[in-house]
Every structure is written in structure tokens, then in C-alpha cells.
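The values are calculated or read from the model by the stated rules, or taken from the named source; none is laboratory data. All of these numbers come straight from a predicted model, not from anything done at the bench. Cβ atoms come from the backbone with ideal geometry, glycine included; neighbour counts cover every protein chain shown.
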Amino acid sequence: MAQSPRIVACNSGAIQLIMEDIFSPPVASRIHVYGNIAAYEVLCKEPKSPLKSLYGQISHIPSISEPKEAIHYEAAASFAFIKITKKLVFSEHLADSMLVKERAYWDNILKNDALIQASERYAEQVKNELMPWIQKDGYIYTRTLERYKLSDSLGAWQPTPPEYHNGLEPNWMYIRKMTYDSLEFESYTPNYPYSEKKTSPFYKEAMKVYKCFAKDSQKRAETAWYWDCNPATTISSGHLSYVVKKPTPGGHWLKITTQTVHNLKMNYIDATELYTVASIAMFEGFIQCWASKYKSNSIRPETYIQRVIDKNWNPLIETPPFPEYTSGHSVVSAAISSILTHYVKQPYSFYDSSQMFLDMKPRFFKSFMDASQEASMSRFYGGIHFMPALEVGRKMGIQISKHILNRIKTRMKN
């Protein structure tokens, strides 16, 4: 049986690390993208590699050095991925376990200690060359900035139960972008003003959320839970409360990417290319989306409906702790699904079995865009978004993917 590309194990391990440390979706996107870029850049150095370096294509990335000794490029790529990831997570011991498993894998495959050690030395060199670039992306700076300040405006976002967390990553717009020169979507704000009048567009949008379970409620509920993707959902039962850890929206889509790699029996070059561009789309999507969120600072359905329509109403899934407009899941799902559609020969239909570990049955999708449409609608079914945030979010995600595909050429012959 053919072995899966090691980039699959790397991405699966990163998702587990992110779940363990409960990183937020924007921060998780940062971890995903840098690990994949490191692996990708190593493979660009392989003799006769069809891949084109991202040097000169994304912001400020350095050109990494050539290896000075014989190495195994796929092994070096996976080592580089893990070493970079270790620097970005809290659970370094789990990243160390990934390294141990990776060494054992290549020992079994190559049976050449000198080659494996040389490959890991090169990965260490790549890590040292990329980390100064990574550390200058604004993440450390944003840790020093002021937290979100609550607004007393009626239409402004407010913390929601059960944890009433403060606004998450209000300064994410200051993270260095990879392919954009500016915040293209910062001006995206709802095209209807806040109002509590029953004749107003705002009230009517809220009523759509309030009434959305009037038909096919079980089916809609299953869809909402399937795409919940809340890194830490608080479950309360009597006096007991506990947290269920799940992949972020980006993590869910990288799991779909993994299934695609398996289904199409991709080699390590094609698989790494796919993960890398999908991760870049995810990363750019969260920066642009978060800029629009905190620019508009819009109220969530939960707050509005309880204030204006029904004080006893609650959404099906937990409302995330950040402003409503636009929908992050909609943006990222549309961006990544558009990237996958571009790189994978169409038509392509698939079963998504990535949520089976949560006791959810596989779901069939006619296409990646079909899946992203459902992911977006799940936020409406779950009661955490108004419909315009989904519609605009999908458009934003597609625009982001088109921009990335225009800016980045991953093949030497492109």
C-alpha cells in the first residue's frame, strides 16, 4: 500500500495541537500557514522540483538557503513543519512527540541515520531562517495592545453567555498580510442601520433568525452542529460544566483537504502545494474578515433577539465572542473551497468524515463550494449570524481566493 505524504500527518498533528491548546480561529490560522509554508519552501529546493518559491510572492519572506549536504527532501519538509509549529504553540512536549514519531517513520522507511540526521539539520536551518520573518508579523505586537472596549451603542456587539468573554482578537487586523497591500474589506459594514422598529430591515433580519426552525428543524440543527467548529464549546448539565474541544473552521477545512489528498492519492509535492495555498487563503481570510468585524462592531442575534423580540430565546450553538459582521466561517469556507476547486480537477464530489470523532455521520457534498455553502448557512441555522453577514462573507471569501490565485504562482511553468 502506498504511503500517505507526510504533510498529511504534519497537518493532522497541528490540528490536534491547536485543539489541545484551544487557540482561537485567527491564531490557529497563523500556526497552520507557517508550518505549511516551511514545508513548501523546503520542497522548492529539491532538484527538478516543479514548485516555485514563495520568495518575492508573499510579503517579506526570506529566500532560504540551499542544503549543504545530501538530504531527503520530504523528510526535511516534515521536520521543518514540526519545528516551526513547535515555536508557535504552547504544548511543546506534544510537538516533540511529533518529532519523535517522524524520526521513527523515516528510520523505518530510509534506514539511513546519516541521511535522516542531515535532513533534520537542514530543517533546523530552515526554521532559524524563517522564524525572524514569522516573529515580525505583528503577532507579538498585538499581544501588547489594548483589549476590546465595550461600546454603549445599542447596535454594538456585547459579550454573550455562558462565559461572557471579551472581544476576541480585536487587533488582528494589524497582523502582516501575505498577499494584500491593505485591508481591502475593512469598509465592509452592514448596509442597513440598527433599528428596533418592526418595520425596519434590521428587525426583519432578526425575525428570520428567530423563525428559522419553523421548518426542517432537525435537519437544520444537525447542520449547525456539524459545522459548529467552536474550539471550546461549554456544555452545562446541572451543576456540571465541561468543555468540548473541536477543530476551528480552518481546521475543519484542512481535514477536508486531507481527505482530498487521500481520495486522489496525491503525491507529497501536490499535497504540500494544496495545504499551503489553502492555509494562505485561511490566514488572509481571517485578517480581512476580522477587520470588517471590528470596524462594523455589529450586535449578535442573541443579544438583539433577547432585547427586542423574546428574552427567553437562545441560539442553538454557542455565540462566539466577537462582532457579527461578516461571518468568519463564511469567509474562510468560501476562500478555501475556492482554492480547492482551483487545484482539484472538477467535477469532484466527496464524503466529509472529519467529524466522526464527534460521533457525527459523514456528509456528502457535490462539490467544495456545496460544502462551503452549507458551512455558511450553518451559522444562520445555529442562530449566531444574520443572513447578510453570510452572503457578504461568501463573496468576500471568493474575492480573497481570486486575489491569492492571481498573486501566487506555485508552479515553475505557471
Criterion: assigned by TED's automatic domain parsing to the domain that holds Ser59 and either out of contact with any Gly (no Cβ under 8 Å at 6 or more places or on another chain) or of a type in the set (Val, Ile, Thr) (or both) - qualifying residue of Leu183, Leu130: Leu130
For region 110-152, name all the residues that are small (Gly, Ala, Ser) and either farther than 27 Å from Ile175 by Cα or under 24 Å from the mean Cα position of the chain (by Cα) (or both). Ala114, Ala118, Ser119, Gly138
Where residues in region 39-93 are assigned to a helix (DSSP H, G or I), among the aliphatic types (A, V, I, L, M) and under 20 Å from the mean Cα position of the chain (by Cα), which of them is nearest to Met131 (Cα to Cα)? Ile84
Hey, among Ile339, Ile400, which residue is part of a helix (DSSP H, G or I) and in contact with a Gly (Cβ under 8 Å, 6 or more places away or on another chain)? Ile400
For region 115-128, pairs from a residue that is within 11 Å of His72 (Cβ to Cβ) and buried (at least 22 other Cβ atoms within 10 Å of the Cβ) to a residue that is modelled with pLDDT of 95 or more and of a type in the set (Gly, Ala, Ser), with Cβ under 6 Å and 6 or more apart or across chains, are Ser119/Ala75; Ser119/Ala76; Tyr122/Ala76; Ala123/Ala76; Ala123/Ala80
Within the group Lys111, Lys86, which residue is without any contact (Cβ under 8 Å) to a residue 24 or more places away in the chain, out of contact with any helix residue (DSSP H, G or I) (no Cβ under 9 Å at 6 or more places or on another chain), of a type in the set (Lys, Arg) and not assigned by TED's automatic domain parsing to the domain that holds Ser354? Lys111
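Determine if region 258-269 includes at least one residue that is out of contact with any Phe, Trp or Tyr (no Cβ under 9 Å at 6 or more places or on another chain), assigned by TED's automatic domain parsing to the domain that holds Thr160 and surrounded by 24 or more Cβ atoms within 10 Å (Cβ to Cβ).
no
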Looking at (1) surrounded by fewer than 20 Cβ atoms within 10 Å (Cβ to Cβ); (2) charged (D, E, K, R); (3) at pLDDT 95 or above; (4) closer than 22 Å to Ser330 by Cα, which is the one condition that is false for Lys198? (4)
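Listed here are the residues, each with its yes/no results for (1) farther than 22 Å from Tyr192 by Cα; (2) in contact with a Leu (Cβ under 8 Å, 6 or more places away or on another chain); (3) crowded, with 18+ Cβ neighbours inside 10 Å.
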{"residue": "Ser367", "(1), (2), (3)": "yes, no, no"}
{"residue": "Ser372", "(1), (2), (3)": "yes, no, yes"}
{"residue": "Ser378", "(1), (2), (3)": "yes, no, yes"}
{"residue": "His385", "(1), (2), (3)": "no, no, yes"}
{"residue": "Gly393", "(1), (2), (3)": "no, no, yes"}
{"residue": "Thr410", "(1), (2), (3)": "yes, yes, yes"}
{"residue": "Lys413", "(1), (2), (3)": "yes, no, no"}
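Could you tell me whether Ser354 is assigned to a helix (DSSP H, G or I), assigned by TED's automatic domain parsing to the domain that holds Ala224 and either under 15 Å from the mean Cα position of the chain (by Cα) or modelled with pLDDT of 95 or more (or both)? Break it down into steps so the answer makes sense when it comes.
Values: assigned to a helix (DSSP H, G or I): no; assigned by TED's automatic domain parsing to the domain that holds Ala224: yes; either under 15 Å from the mean Cα position of the chain (by Cα) or modelled with pLDDT of 95 or more (or both): yes.
Criteria not met by Ser354.
Which ones in region 268-324 are in a helix (DSSP H, G or I) and in contact with a His (Cβ under 6 Å, 6 or more places away or on another chain)?
Ser279
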Is it the case that Glu324 is under 27 Å from Pro159 (Cα atoms) and surrounded by fewer than 21 Cβ atoms within 10 Å (Cβ to Cβ)? no
Exactly one of Met173, Met178 is within 19 Å of Met396 (Cβ to Cβ), assigned to a helix (DSSP H, G or I) and in contact (Cβ under 8 Å) with a residue 60 or more places away in the chain, and that residue is Met173
Conditions (1) hydrophobic (A, V, I, L, M, F, W, C); (2) farther than 21 Å from Glu374 by Cα; (3) surrounded by fewer than 21 Cβ atoms within 10 Å (Cβ to Cβ); (4) over 22 Å from the mean Cα position of the chain (by Cα) -> Leu316 fails only (2)
Please state which one of Ile280, Ile299, Ile287, Ile339 is at pLDDT 95 or above, within 20 Å of Tyr148 (Cα to Cα) and under 16 Å from the mean Cα position of the chain (by Cα). Ile287
What number of residues in region 132-145 are farther than 20 Å from Ile61 by Cβ and free of Cβ contacts under 8 Å to residues at least 24 places away in the same chain? 2
